[in-house]
Structures are given as structure tokens and as C-alpha cells.
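See structure below.
The values are calculated or read from the model by the stated rules, or taken from the named source; none is laboratory data. Just so you know, these numbers come straight off a predicted model, no measurement behind them. Don't worry about glycine lacking a Cβ; one is built from the backbone with ideal geometry, like all the others, and counts go over all protein chains shown. Surface accessibility is based on the protein's heavy atoms, side chains included, excluding ligands, DNA and RNA. Shrake-Rupley method; radii C 1.70, N 1.55, O 1.52, S 1.80 Å.
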Amino acid sequence: MADACCGSQAEPPHVEDGVPTLWQVREIQCAAVAGAFLATGLLASAAGSSPVGTFAFGSAIVVGGSTFIPSTMRRLIRGQVGVGTLMTAAAIGAVLLGEIAEAAMLAFLFSISEALEEYALTRMRIGLRSLLNLVPERVTVRRDDIELTVAPSELRVGDLMIIRPGERVATDGVVRDGASNVDCSAITGESIAVEVWPGRDVLAASVNGGGALEIEVTAATSDSSLARVVHIVEEAQERKGDRQRLAERVARPLVPGIMVVAFLIAVIGSLVGDPQLWIERSLVVLVAAAPCAFAIAVPVTVVASVSASARLGAIVKGGAALEALADIRVLAFDKTGTLTRNRPRVTDVIVADGSSQQEVLGVAAALESRSEHPLAVAILASRPRDSHRATALRAVPGSGVLGIVDGEMARLGKPGFVEVGDLGPTVRDLESAGRTVILVERSDHLLGAIAVQDEVRPEAADAVRALPALGVERIVMLSGDNDRSATAVGRIVGVGEVYADLEPGDKARLMRALQLHGSTAMVGDGINDAPALATADVGIAMGAMGSDVAIEAADVALMGEDLGSLPAVIDHARRANTIMRQSLVLSGAILLALVPLAAFGILGLATVVVAHELAEVLVIGNGLRAGRRPNWSRYRAPQDNIHHLFPTGSA
């Protein structure tokens with residue numbers, strides 16, 4: 001902040017126990033002492049004790065000035081100027097002109113504004129890092145069949161953590177023994193406990209429910225999901241949007257420009273009038289035109305808003321992403337894993353003449369044996385005991401898989417990649433019911449079809465309905481699935497514009513076409529939809545926790561699986577955007593009003609200092625409103641209404 005604004009680079013207060021109190025900030029302590037000296041000087045002057053008053057005013061200047069004058073001088077040596085330069089020049093000029101009381105007032109008030117700015121930003125940043133305190137101080141591990149209690153920092157990949165009911169998980173891991181419910185709300189923002197059992201991943205800071213768990217460590221605490229979230233958000237807070245860059249472009253050249261104008265006022269005024277009068281006015285102009293409030297208006301809002309979003313499970317990658325999110329006009333959803341739960345199951349196995357269900361599932365499972373696609377997981381979960389062996393596997397993106405099964409060429413994929421043959425009517429009926437159909441072929445002979453159904457997210461329809469009120473004018477679905485299945489899902493969630501049978505490159509091309517209609521956003525899984533996410537003005541990764549690719553690729557990463565957080569984070573961004581505009585207009589208006597009033601001698605130095613610092617306090621306070629905890633629950637469907645809204649089987 002200081003570089004763009006006030007020229008003082010005070011270090012954030014170091015407080016061992018987390019967020020500092022206001023009185024622990026050095027600048028506030030200095031401002032209080034300077035204020036006491038200023039009050040003493042005013043009382044002494046009123047009582048006619050000039051020496052005492054002069055000493056008190058001088059002490060106020062020294063103590064208050066210590067918060068910004070030293071750093072200003074260091075920056076001047078490096079050839080940098082800022083608002084601190086203007087304030088230092090005004091204070092020194094006032095002293096040289098004998099206006100020591102006004103110089104003391106300036107030092108006192110400016111030290112307060114510097115302290116409040118630093119305190120506000122430090123509090124938000126330390127508040128974010130306090131998430132790391134969710135890691136327990138000690139954790140029980142089993143090494144060589146011996147249970148030990150160690151610090152989380154001593155955990156090694158491969159260690160076996162023993163997590164008892166009610167304890168927090170120290171770092172990311174995989175359940176090796178036991179079953180329980182864990183609360184992951186610290187990371188995902190979702191309050192509903194998640195069931196875990198052997199083989200399931202568990203995130204750092206999760207709270208164990210009713211059963212004991214043995215969890216194998218997969219990441220050191222410094223590399224855990226919790227640590228990554230904090231690191232990414234801290235980086236995001238420094239990313240600048242258009243409004244912040246605009247404010248800085250105005251503020252930086254304005255400072256030397258103000259110094260030139262003040263110099264001209266002093267010189268020209270001295271030539272045509274009283275030199276002392278015009279020099280005093282030039283000093284007042286220096287203070288009046290200082291753009292500190294204007295420069296800090298956007299950064300304070302961005303830091304507050306990004307921190308608030310992160311605490312609720314949404315990572316917004318800085319000011320640019322925040323501004324773009326607030327301006328969305330066209331929003332595209334991926335289907336699988338976004339509008340649906342991404343937990344498909346096999347519902348039907350249709351066999352062709354001469355085949356059996358066991359053969360269809362066996363060959364399909366062999367071809368999908370090395371795939372991690374959700375549809376493959378569903379097929380593998382239904383495979384028969386008698387296994388087939390596949391070699392020379394080759395995936396055809398967006399279509400299917402080729403390979404050799406038991407010495408014969410085989411392939412699996414969507415209709416069109418594999419001919420439907422006599423199963424055409426059955427396949428069409430299944431697709432119309434919202435199922436995805438996969439055809440299996442061996443030696444150019446159709447073995448049969450497997451129908452897979454993915455459950456629609458219960459909150460999806462509510463989330464889609466909330467978007468038009470947030471400025472989203474056009475909502476579309478982009479899917480690689482068949483047209484009938486995609487249209488069925490679109491009908492359930494309320495998306496009427498559906499594009500199906502798309503490959504990843506097709507989605508990216510459609511996003512470019514949609515950009516002709518306004519600012520766009522793409523919501524996907526962050527991996528398969530990477531081209532479309534990168535093409536959209538805002539890429540939003542759904543369910544990104546645990547996926548480094550998703551978090552890094554997206555502009556916005558929703559860490560949980562609740563789609564209701566999407567309209568909530570858009571609403572939050574729109575509110576932050578409004579606060580930015582309010583602060584910029586307020587600070588700009590005050591700047592435009594103060595300069596002519598100062599130049600024509602209507603306002604004196606003390607009055608201008610008060611107005612200037614009051615404007616900065618107002619802008620900081622307004623920006624901090626973006627850090628209030630958003631009310632995201634109103635975008636989420638009540639759990640007891642889920643089955644009523646979306647009956648089982650209607651997908």
C-alpha cells in the first residue's frame with residue numbers, strides 16, 4: 001500500500017498470538033503520544049505559555065513524524081516520491097514559516113491515518129494466516145508399531161497418523177483403517193460432514209467425527225492443502241485489477257505534478273503578492289491534493305474481499321478476477337462434475353446377439369482399467385470377477401478407448417465412435433432418460449451397451465435460478481455427452497441452451513463465440529475443461545480442493561462441492577465492486593473539492609489535514625466492509641427439500 005500511496009513502509013506489527021490489537025500497533029502508540037503533546041501545546045498556548053507550547057508542538061512533530069518522515073527520506077534517496085513526500089514537505093515548510101501548531105496537527109493526523117491503514121491490512125492478512133492455527137499442536141503417529149506424539153512439523157510422508165474422535169487432522173492423508181465422518185468446512189466452507197473409509201483422502205484441518213482413523217500422511221504440513229490455500233490467497237491479494245491499476249496510474253504521476261503546481265503557486269504568488277501568504281497556500285495545496293485515499297481505495301477492498309471469500313472456501317485470484325467476476329454476463333457450465341455429482345453408476349447393461357452381460361462388462365472394464373474418468377470408475381465398480389486383460393491401450397479424447405483384449409482388437413466409446421447397430425432404439429431411449437450410453441465392441445462385433453447415470457446436484461437448480469438476479473443474462477451448458485442426456489440434465493436444472501457432443505477444443509471455440517455477447521465465465525472441473533477455462537474471461541474450477549492443477553489453472557477456485565457457492569461468490573464480488581466504486585468516487589470528489597479551496601485560501605492547513613485524513617479513514621472503513629462474512633446459506637437448497645426437488649431417478 002505504502003508504495004502506491006503514502007510513502008511510508010512501516011513493517012507490519014509482529015504479534016506472536018495472531019491478530020494484533022489496535023494499541024499494539026507502533027504507529028498508533030506514536031500517534032497517541034503525539035496527540036498528547038499536541039493537546040498540551042494547545043492548552044499552553046491558550047494559557048499564554050509560549051515556551052511550553054513550542055516545546056510540546058515540536059515534540060508532537062518529532063513523535064508523529066517518526067511514523068512517516070524516516071521512510072519518506074529513505075525513498076527519496078532511492079529517487080521515489082509519494083504522498084509521504086508531500087506531507088513531509090508541508091510539515092517542514094509550516095515549521096519554517098513559524099506555523100508550528102499546524103505542523104504538529106499534520107504530523108499527528110497523518111500518523112493516525114498511516115497506523116489505521118497498516119492495522120487494517122495487517123489484521124486481514126494475519127487473520128487469513130490464522131487458518132494455519134487449525135493444525136493441532138501435537139499429533140499421534142505410529143512408527144515401527146510404536147505410537148509417538150510429535151509436532152506436526154515433524155510428520156513425514158508415509159507416517160501413520162492416529163486420529164481419535166474430535167481431533168483435527170494435522171495434514172493431508174489417505175485413510176488406511178477405520179471409518180468416520182469428517183468436517184472439512186475449514187477448507188471447503190461446507191458444513192456437512194463427509195463420510196470417509198479406507199482409500200478416501202482426508203484434508204488438513206478436518207475434524208474427525210465418531211470413529212477412530214488411521215491416516216497415512218501424503219504431504220508435509222508445509223505442503224498441505226491448508227498451507228497451499230493460504231499461500232495462493234496471499235499471492236492473489238497482490239494481483240491488481242483494472243481499477244487498482246487505474247488508481248495507481250492516476251496517483252503516481254499526480255504526486256510530482258502536485259509538487260510542481262505547489263511550487264508554481266508559491267513562485268507566481270510571491271511575485272504578485274505577499275510571499276508568506278502564497279507559500280502557505282502552496283503548502284496547503286500539497287496536503288489537499290495528496291491522493292492517498294484514492295490510491296488505497298481499491299487495494300483495501302480487494303484484500304478484504306479475497307480474505308473473506310477464502311474463509312468460506314472460494315479462492316478468488318486477486319483484483320482482476322474479482323472485477324471480472326462481478327461483470328459476468330454469460331456463464332457456461334460443464335455438465336459432468338459441475339451440474340452433476342460426478343459419481344456415476346451403471347444402471348443398465350444391454351447385450352447384443354451372441355453376447356452376455358458378463359462379457360460386456362468384462363471387456364469394458366479391461367479397456368477402462370487404466371482410466372481415472374468417472375465413467376470408467378463406475379464401470380470398474382461393476383466388473384465381474386472373471387477379469388479380462390487389455391494391452392496397447394490408447395485413449396481417443398472425447399470419444400473412447402482402443403485396445404487389445406485377450407488378443408483381439410476392442411474398443412469402447414460413445415455412439416458414433418462405435419456403431420450402435422440394432423441397439424439404436426434402446427440407446428436413444430436411454431439417452432432421452434438422461435443416461436450416458438457407452439458401446440463395447442470386439443473384433444468389429446458389437447457386444448452391447450452400458451448405460452451410466454450421474455446424479456444431478458440437488459442445489460444445481462437453485463444456483464442456476466439465482467444467477468439472472470446477479471446480472472448473468474445468458475446461461476449455457478457445454479457437454480461432451482450426447483445431446484439427449486445433456487438436454488435431460490439441462491431440463492432438470494433449468495438451463496435451456498445446451499451444446500452437446502463437444503470435445504475440449506470445441507468448448508474453447510464456443511467460449512470465444514460467447515464472448516461476443518459480453519463478459520464470460522466457464523465453470524468446470526479445472527482439468528478436462530482447461531482450454532475453455534483459459535479462454536473465458538473468468539475460469540471457475542468446481543471442487544478444486546486436492547487438485548493443484550485446478551487451483552492453479554482457474555481464476556476462481558471453489559474448494560467444495562456445493563454449487564450454491566457459485567452465485568454466492570458472484571454476489572460477493574458484485575458487492576466488493578460496488579464498494580470499490582464508492583471509495584474511488586468519494587476519494588476523487590474530496591480531492592477535487594479540497595484543491596481549489598486550498599489554492600484560493602478558503603481552507604487553512606489544519607482544516608485540509610483533517611479533511612484529508614478523514615477521507616482516508618472513511619475509505620479504509622468502507623473497504624473493510626468487503627471483508628464481512630457473506631451470507632452464502634441463502635443460495636443453498638435446504639437439505640430436507642433435496643429429495644422433494646429432485647426425486648431419485650430423475651436425472
Quiz item: Applying 1/(1 + (r/R0)^6) with R0 = 56 Å to the Cβ-Cβ distance of residue 144 and residue 373, what FRET efficiency is obtained, to the nearest 0.05?
Solution: 0.90
Quiz prompt | Other-chain or far-sequence residues with amide H under 5 Å of residue 390's (modelled H) | solution = none
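To the nearest whole percent, what portion of all C-alpha pairs in the range 300-368 is separated by more than 18 angstrom?
Counting pairs separated by more than 18 Å, the tail of P(r) holds 66 percent.
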Self-check item: Residue-by-residue Karplus 3J(HN,Hα) for the range 212-217, coefficients 6.51, -1.76, 1.60, Hz, glycine and proline x
Solution: 6, 10, 10, 10, 7, 5
Practice problem: Name the residues whose placed amide hydrogens come within less than 5 Å of the amide hydrogen of residue 477, ignoring near sequence neighbours (fewer than 5 apart) on the same chain. | Solution: 333, 497, 498, 499
Self-check item: Cβ-based net charge around residue 484, under 11 Å, with every Lys or Arg adding one and every Asp or Glu removing one
Solution: -2
Quiz item: Any idea of residue 497's accessible area? Nearest 10 Å², probe 1.4 Å.
Solution: 50
Quiz prompt | Pair residue 385, residue 501: separation of 7 Å Cα→Cβ label points (nm) | solution = 4.2
Quiz item: Across the range 436-453, in residue order, what do the Karplus-derived ³J(HN,Hα) couplings come to in whole Hz, using 6.51 cos²θ - 1.76 cosθ + 1.60 with θ = phi - 60° and x for Gly and Pro?
Solution: 8, 10, 10, 9, 10, 9, 9, 6, 6, 10, 5, 7, x, 9, 10, 9, 10, 10
Quiz item: Once all Cα-Cα distances of the range 332-379 are split into 10 Å bins that start at 0, what whole-number percent is in each one?
Solution: 23, 43, 26, 7, 0
Quiz item: Can you pull the accessible area of residue 317 for me, 1.4 Å probe, Å² to the nearest 10?
Solution: 10
Practice problem: Pop out the ³J(HN,Hα) list for the range 336-341 in order, Karplus 6.51 cos²θ - 1.76 cosθ + 1.60 with θ = phi - 60°, rounded to Hz; leave Gly and Pro as x. | Solution: 5, x, 10, 7, 10, 6
Quiz item: Carbon and sulfur atoms: what percent of the 1.4 Å accessible area of the range 297-357 do they account for?
Solution: 38
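Mind checking Rg over Rh on the range 316-454, alpha carbons, Kirkwood formula for Rh? Mind dumping the intermediate values first?
Values: Rg = 17.9 Å, Rh = 16.2 Å.
My calculation of the ratio gives 1.10.
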Self-check item: Cα-projected label distance for residue 428 with residue 268, points at 7 Å along beta-carbon direction, nm
Solution: 8.3
Exercise. Starting from the Cα-Cα distance between residue 52 and residue 76, subtract it from 0.36 nm times their residue separation and give me the gain in nm to one decimal.
Key: 5.3 nm
Exercise. Tell me which residues come under 5 Å, amide H to amide H, from residue 177 once H is placed; ignore anything under 5 positions away on its chain.
Key: 214
Self-check item: Debye log10 I(q)/I(0) at q = 0.25 Å⁻¹ for the range 451-522, Cα point scatterers
Solution: -1.27
Quiz item: Can you give the relative contact order of the range 341-436 as a percent, counting alpha carbon pairs under 8 Å and 6+ residues apart?
Solution: 21
Quiz prompt | Kirkwood Rh, angstrom, the range 379-450 [1 / mean 1/r, Cα pairs] | solution = 12.9
Self-check item: 618, 339, ranked by accessible area, largest first (probe 1.4 Å)
Solution: 618, 339
Exercise. Pull out the extension gain between residue 455 and residue 345, defined as 0.36 nm times the separation in residues minus the alpha carbon to alpha carbon distance; nm, one decimal.
Key: 38.7 nm
